[in-house]
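Okay, so here's the structure we're looking at.
The values are calculated or read from the model by the stated rules, or taken from the named source; none is laboratory data. Just so it is clear, the model here is predicted, and its values are computed rather than measured. Positions of Cβ are generated from backbone atoms using ideal geometry, with glycine treated the same way; all protein chains shown enter the neighbour counts.
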Amino acid sequence: MALLLAAIVWGLALYTGYYLYNDSYWMPTAISDAARQIDSQLVLTMAVTGVAFFAAQFLLGWFILKYRDRGQAKALYQHGDNRIEIGGMIIVTVVFVAVAFAGQKVWAQVHLTTSPPNAVHVEITAEQFVWNVRYPGPDGAFGKTDPKFYEKIGNTVGVDPSDAAGKDDLTVINNLAVPVNTPVELTLRSKDVIHSFFMPNLRIKQDAVPGMAIPLRFTANKVGDYEVVCAELCGLTHYRMFAFLKVLEPADYQAWLQERAAEVTQ
Amino acid sequence: MTTLTGLGLLDGGEGDPKVVALPRRPIRREPLDADGVAMLGTWVALAPIAMLFLAFVSAFIVRRGLGEGWTAIRLPALVWVNTAVLLTSSFTLELARHASRRGGKDAGWMGRTLLLGGMFLAGQTVAWKMLFGAGVSLGLTPYGSFFYLLTGCHAVHLAGGLLALAAAALWPRDGTRKLSRHGAIRVCAIYWHFMTIVWVGILSLLMIGR
Amino acid sequence: MSVATQQKPPAHGHAPPEGFLWKYVFSKDHKVIGIQYYFLALVSVFMGMGMSLLIRLQLAYPDRMWPLLGKIFPKGMADGVLSPEFYLSMVTMHGTMMVFFVLTTAPQGGFGNYILPIQIGARDMAFPTLNMLSFWTTFAGFCALVAAFFVQGGAPLGGWTGYAPLSALGEIAGPGQGMGLNLWILSIALFCLASLLGALNFLATTLAMRAEGMSLMRMPLTVWAWFTTAVLSLLAFPVLLGGGVLLLMDRIGGTSFFVPSGLVVAGQPIDHHGGSVILWQHLFWFFGHPEVYIAIIPGMGAVSTILSTFARKPVFGYKAMVLAIFAIGGLGFFVWGHHMFISGMSPYTAVAFSLLTLTIGVPSAVKTFNWLGTLWGAKIRFTTPMLFALGFVSLFVTGGLTGIFLGQTSIDLWFHDTYFVVGHFHMIMGVAAIFGIFAATYFWFPKMFGRLMNEGLGKIHFMLTFIGVYAIFVPMHALGLAGHPRRYYDSSTYEYLRSANSLHMVITWAAFFTAAAQLLFLVNFFWSLWKGKRAGDNPWEATTLEWSIPSPPPFDNFGALEPVVHHGPFEFSVPGAAKDFVMQTDPPSAATGKH
């Protein structure tokens, strides 16, 4: 029994290692520096927890094997060892504190900084089950909004028609285009319930909360088309509330904006 | 029947006749008697009640911090009268408790406390009716919502306290119950005074948070 | 060695109850109440497991039809296809039922009620009537929850976390969000009340009713665990109750605690003003985080006891274990924000919560060291309870370590609301805590029912389950690494999840396999109730007080006399003692070791 159990414990540890370290299941292509740093922090955490994991499971299996009842009269009579206790605690504390601090770095970049003046600002207003993506237009300013101006077609975000800043606002559905290598600041809002804008290739997500406007910052460094999904249960078709992130060369980005604006006026 | 024996639900360990002989001492007085245990339980029970009100208070503070549409409502003057009634009831309950200490005559003070407690609850009901009549619905303003929430939750707890007071007032003096009459009154007093303090806290919050 | 021969009637003379109703239904006997809680949890776990199998069926075979199931669930599976609302209601009710009616019921309400008074040498809990009321209130909550399936609109679909405003808006937000959700709130409110009544009993009993010689530092770790869990319950459940009241008021009272202004849902403007959406999350998780410790701490206590018993060794670092339980319980109140990093709360607050969260790893690591330390130099007997206790250690390590990923804000940006979270909490709650319950069941079954469970069947049950749960939940972490979001009815349309979707099959097959293995447990349990070999007082040669009385115990536990404690709880392999264990009630001369 001891041998069988130890083998199972070790086998399951290896099985766990296989699934977690098998990068065929890992994240899609990283398309920003922040994403790459998150990946590094992930790998670091994997390494640290991996050491703890394999050490603990190894010891468990080994003790099961070594200290099985072999017919001796008694076991070791010992109530503990304060030195081991305190020593272990210190090591664990140091490691966990180090990991904890390291784990704040990218968060600080994403959330504790402000966007530079050349940042592209885009507003995302989520609703069941669609992402409304609003660009401020050439004037760089967003028009004020109010729910009373909502229109199912043509004004899904409720831009106030009397606000001059809103005249050149452009709203698209489910498509977010951004220029490559340019800081972007998204502002997330919601019309009804909590949604969450999750861009896997950028590794970041942010809840879109009714009654709040929450910023999310990134700089994409690879041109391409990427999937965006909803990451907060928002109702029946939560699972189909997706969007597309298009990272484009600056010239293509401008062209894209103009094409979308033209579609609206048609 | 055998099944139920096997399930250990019939008294007596008839399943196993061999009882290990243990060196035991005979019964001795336990450190805490029934009165003591009841008091301990009552003190401990104050913690979850406090947490419930604290949850509501923190919601109040958060909502007030958001500002939008806060609009305080004017509380009927009756609320202050009710407050005086409640404070007095704590006072009369204290007198009852003192009187019951040496098995003395506490019935009068208990009766007065019950009356005052009932008056408080009746007065609160009238105050709510007045506010509803003036158009202050549950959701009219958030301040109003919190008013109903806090005073309503307090009233529910106090009503429970009133029932306990009634039971204590009717408690036998002859020791036929494990808990003594004095113990029953003390337990009620702990709870009742706590609810008075909570009431003062609620009123203070409603005043400061206008 | 003088044996007292005086037979005095007990100071608190309570004669055993008469009549079926008072003996078995509205019993005030903590042992009967414990068994009632346990059976409630048993029914709940099989219901919850059934729901999880439906969930898994949908995830592995999203395009398939199940005509037979379509006949059983005509509304939710019309034409044999699982609808999204049925799926989400399964997700919601599975979570609610398991967290409340299994993980918070069996370890504390079940075993805690049954064993704690005996382990401290008491005749019953401090407030037996309250205890009876707390079980029946729990049962009422269970009925309210199950009723949600049968009302118009069906069961709610907002997840067990019921985030506002989705949960505050009523039916307009989706089916099941009408009466079904009201019943869900009622069920949880009743559960909160019941838990508070129960916790009161645990606290008062532990503090006031210990036998002579049972000092605090001689209490078994199980008692410390139940005690701490009771403290956590007293402070956490009222906040959930408060949140539930506020939610109900928003839904039916026209208030706006959680609903902000300007909402338009499905084209309809909503008449609410100025509420705070995140407030619900704060209130919920202020309860929700201590809740997960409420679910696991009793298991940790049972495992410490069981490991020590079958290792024939004292627990390594008893005092540190007690302090670790306090630390985990205490710190548990300050970390709730780690469920909310992405919620829109202040990013500075998020950092604070993150740093605090990672400190909980320290007492958890201490406990793990000490479990391993208990095995070091041991003389291990591989009984079924021991197997489950050892399995617990393995699972606690795996489940606990993945918490280190989730506790870091930067990494949670990726993992929040993915299957990594689902894998993590299932590993630690849905498996480790369950293994604690299994270990406790196999361990105390002989005491509770006077019969032994079948060891052979038990060992097979363990092997299949241990392998099965790893097979189910490890791949789930891989799904999370791939970025697969939670609560998705169907993920087959996403390109980036293409490779990950094959994992759904693995998980589903493993789930069915493991569920089937539980039949072994059921068969063993019920067969042994009727036909198991008779157990003596102390079949495991354990040391704590419950093993010094008959199996099953008499009505008042210790008979007419009261036990006196002379030793610590885990005096195994004491040098110089006659046997390799010294019971707590053995005379002082029986051991020349410490305590």
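Of all the residues in the range A:232-253, those that are touching a residue at least 12 places away in the same chain (Cβ under 8 Å), away from every other protein chain (no Cβ under 14 Å) and not acidic (Asp, Glu) number 5. Taken together, the residues in the range A:201-217 that are among the hydrophobic types (A, V, I, L, M, F, W, C) and surrounded by 24 or more Cβ atoms within 10 Å (Cβ to Cβ) amount to 4.
Kindly indicate the residue of the range B:98-139 that is touching a residue at least 60 places away in the same chain (Cβ under 8 Å) and surrounded by fewer than 22 Cβ atoms within 10 Å (Cβ to Cβ) and also nearest to B:Val81 (Cα to Cα) among those meeting that condition. This residue is B:Val136. Residues considered: B:Ala34, B:Ala55. Of these, the only one that is of a type in the set (A, V, I, L, M, F, W, C), under 18 Å from B:Leu179 (Cα atoms) and either buried (at least 21 other Cβ atoms within 10 Å of the Cβ) or at pLDDT below 95 (or both) is B:Ala34. Contact annotation: residue pairs with Cβ atoms under 9 Å, 6 or more positions apart or on different chains, pairing a residue in the range A:57-75 that is assigned to a helix (DSSP H, G or I) with a partner that is of a type in the set (Ser, Thr, Tyr), are A:Gln57/A:Thr16; A:Gln57/C:Ser394; A:Gln57/C:Thr398; A:Leu60/C:Ser394; A:Gly61/C:Ser394. In the set C:Ala147, C:Ala140, C:Ala60, C:Ala78, only one residue is surrounded by fewer than 21 Cβ atoms within 10 Å (Cβ to Cβ) and in contact with a His (Cβ under 6 Å, 6 or more places away or on another chain); that residue is C:Ala60.
Note on the range A:123-153: among residues that are surrounded by fewer than 20 Cβ atoms within 10 Å (Cβ to Cβ) and aliphatic (A, V, I, L, M), the one that is nearest to A:Arg240 (Cα to Cα) is A:Val130. Checked against (1) more than 7 Å from chain A (Cβ to nearest Cβ); (2) at pLDDT 95 or above, C:Phe316 passes all but a single condition, namely (1).
Against the numbered list (1) surrounded by fewer than 22 Cβ atoms within 10 Å (Cβ to Cβ); (2) without any contact (Cβ under 8 Å) to a residue 40 or more places away in the chain, C:Val397 comes up short only at (1).
Considering only the range A:53-77, state which residues are buried (at least 16 other Cβ atoms within 10 Å of the Cβ) and polar (S, T, N, Q). Across the range A:53-77, the qualifying residue is only A:Gln57.
Yes or no, residue by residue, for (1) farther than 26 Å from C:Leu452 by Cα; (2) of a type in the set (Phe, Trp, Tyr); (3) without any contact (Cβ under 8 Å) to a residue 24 or more places away in the chain:
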position	(1), (2), (3)
C:Pro475	yes, no, no
C:Gly483	yes, no, no
C:Glu495	yes, no, yes
C:Ser502	yes, no, yes
C:Val506	yes, no, no
C:Glu541	no, no, no
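Condition (residue is more than 27 Å from the chain's Cα centre (by Cα) and more than 7 Å from chain A (Cβ to nearest Cβ)) applied to the range C:474-495: is it met by at least one residue? Within the range C:474-495, one or more residues are more than 27 Å from the chain's Cα centre (by Cα) and more than 7 Å from chain A (Cβ to nearest Cβ).
Answer with yes or no whether C:Gly243 is in a helix (DSSP H, G or I), within 9 Å of another protein chain (Cβ to nearest Cβ) and either under 26 Å from C:Ser187 (Cα atoms) or without any contact (Cβ under 8 Å) to a residue 60 or more places away in the chain (or both). So C:Gly243 passes the test.
For every residue, the table says whether it meets (1) among the polar types (S, T, N, Q); (2) more than 12 Å from chain A (Cβ to nearest Cβ); (3) surrounded by fewer than 23 Cβ atoms within 10 Å (Cβ to Cβ).
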{"residue": "C:Pro298", "(1), (2), (3)": "no, yes, no"}
{"residue": "C:Ser308", "(1), (2), (3)": "yes, no, no"}
{"residue": "C:Arg312", "(1), (2), (3)": "no, no, no"}
{"residue": "C:Leu323", "(1), (2), (3)": "no, no, yes"}
{"residue": "C:Phe341", "(1), (2), (3)": "no, no, no"}
{"residue": "C:Ser346", "(1), (2), (3)": "yes, no, yes"}
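This table checks each residue for (1) touching a Pro at 6+ places or on another chain (Cβ under 6 Å); (2) in a strand (DSSP E or B); (3) within 19 Å of A:Met212 (Cα to Cα).
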{"site": "A:Ile91", "(1), (2), (3)": "no, no, no"}
{"site": "A:Asn118", "(1), (2), (3)": "no, no, no"}
{"site": "A:Arg134", "(1), (2), (3)": "no, yes, yes"}
{"site": "A:Gly137", "(1), (2), (3)": "no, no, no"}
{"site": "A:Ser162", "(1), (2), (3)": "no, no, no"}
{"site": "A:Ala165", "(1), (2), (3)": "no, no, no"}
{"site": "A:Ala177", "(1), (2), (3)": "no, yes, no"}
{"site": "A:Asn181", "(1), (2), (3)": "no, no, no"}
{"site": "A:Leu188", "(1), (2), (3)": "no, yes, yes"}
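This table checks each residue for (1) under 30 Å from A:Lys191 (Cβ atoms); (2) among the charged types (D, E, K, R); (3) away from chain A (no Cβ under 14 Å).
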{"residue": "C:Ile270", "(1), (2), (3)": "yes, no, no"}
{"residue": "C:Leu283", "(1), (2), (3)": "yes, no, yes"}
{"residue": "C:Thr305", "(1), (2), (3)": "no, no, yes"}
{"residue": "C:Phe326", "(1), (2), (3)": "no, no, yes"}
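Quickly run through the range C:538-587 and pick out the residues that are under 23 Å from C:Thr374 (Cβ atoms), outside any loop (DSSP other than H, G, I, E, B) and either facing another protein chain (nearest Cβ under 7 Å) or acidic (Asp, Glu) (or both). Listed by number, the residues that qualify are C:Glu546, C:Ser548, C:Phe572.
Residues that are of a type in the set (Ser, Thr, Tyr) and buried (at least 21 other Cβ atoms within 10 Å of the Cβ) were ranked within the range C:150-206; the one that is farthest from C:Ile115 (Cα to Cα) is C:Ser167.
Would you check if there is a residue in the range C:16-24 being modelled with pLDDT of 90 or more and in a helix (DSSP H, G or I)? Checked against the condition, which is being modelled with pLDDT of 90 or more and in a helix (DSSP H, G or I), the range C:16-24 yields no hits at all. Filter the range C:207-226 down to the residues that are more than 14 Å from chain A (Cβ to nearest Cβ), in contact (Cβ under 8 Å) with a residue 40 or more places away in the chain and part of a helix (DSSP H, G or I), then identify the one that is surrounded by the most Cβ atoms within 10 Å (Cβ to Cβ). Going through the qualifying residues, I end up with C:Ala225. Residues that are of a type in the set (Lys, Arg), surrounded by 19 or more Cβ atoms within 10 Å (Cβ to Cβ) and modelled with pLDDT of 95 or more are absent from the range C:515-533. Applying the condition of being within 7 Å of chain A (Cβ to nearest Cβ) and assigned to a helix (DSSP H, G or I) to the range C:403-429 and asking which residue is farthest from C:Trp336 (Cα to Cα) yields C:Trp414. Count of the range B:66-91 residues, restricted to those that are in contact (Cβ under 8 Å) with a residue 40 or more places away in the chain and hydrophobic (A, V, I, L, M, F, W, C), is 9.
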